[in-house]
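Just so you know, all these numbers are worked out from the coordinates, no wet-lab data involved. Quick caveat: nothing in here was measured; it's all calculated off a predicted structure. All Cβ positions, glycine included, derive from the backbone under ideal geometry; neighbour counts span all protein chains shown.
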Amino acid sequence: MCFAIPLEVLSIKHNQVSVVYKNIEYQVLAVEPIPNPGDYVLVHGGIIIKVLTKDEAMAILQLINQSSLRYSG
């Protein structure tokens, strides 16, 4: 089973998006929708699949932190 962790958008250049989770920066691809810096996104296979509100992202991260689904990346 796969699950997506909310990642915060740092910057965007064309369709290349820099995101961060736990101080680790990743590069992903945005097709549609195109996020803005400060947004939170869900990524699958290196492609953004959903832009989240901050409240949605925080709720998901809280659930992950309270469960055994801790990402060790």
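Could you tell me whether the range 22-37 includes any residue that is touching a residue at least 40 places away in the same chain (Cβ under 8 Å) and loosely packed, with under 14 Cβ neighbours inside 10 Å? Yes, the conditions are met somewhere in the range 22-37. Within the range 1-11, the set of residues being assigned to a strand (DSSP E or B) and not charged (D, E, K, R) comprises 7, 9, 10, 11. Just so you know, in the range 12-51 the residues that are part of a strand (DSSP E or B) and charged (D, E, K, R) include one that is farthest from residue 65 (Cα to Cα), and it is 13. Looking only at residues in the range 3-20 that are touching a strand residue (DSSP E or B) at 6+ places or on another chain (Cβ under 7 Å) and surrounded by fewer than 16 Cβ atoms within 10 Å (Cβ to Cβ), the one that is nearest to residue 63 (Cα to Cα) is 4. Residues of the range 1-21 that are without any contact (Cβ under 8 Å) to a residue 12 or more places away in the chain and touching a helix residue (DSSP H, G or I) at 6+ places or on another chain (Cβ under 9 Å): none at all.
Have a look at 64, 49 and point out the one that is of a type outside the set (Lys, Arg), in contact (Cβ under 8 Å) with a residue 24 or more places away in the chain and out of contact with any strand residue (DSSP E or B) (no Cβ under 7 Å at 6 or more places or on another chain).
Numbers: 49 fails: out of contact with any strand residue (DSSP E or B) (no Cβ under 7 Å at 6 or more places or on another chain).
None of the others qualify; the one that does is 64.
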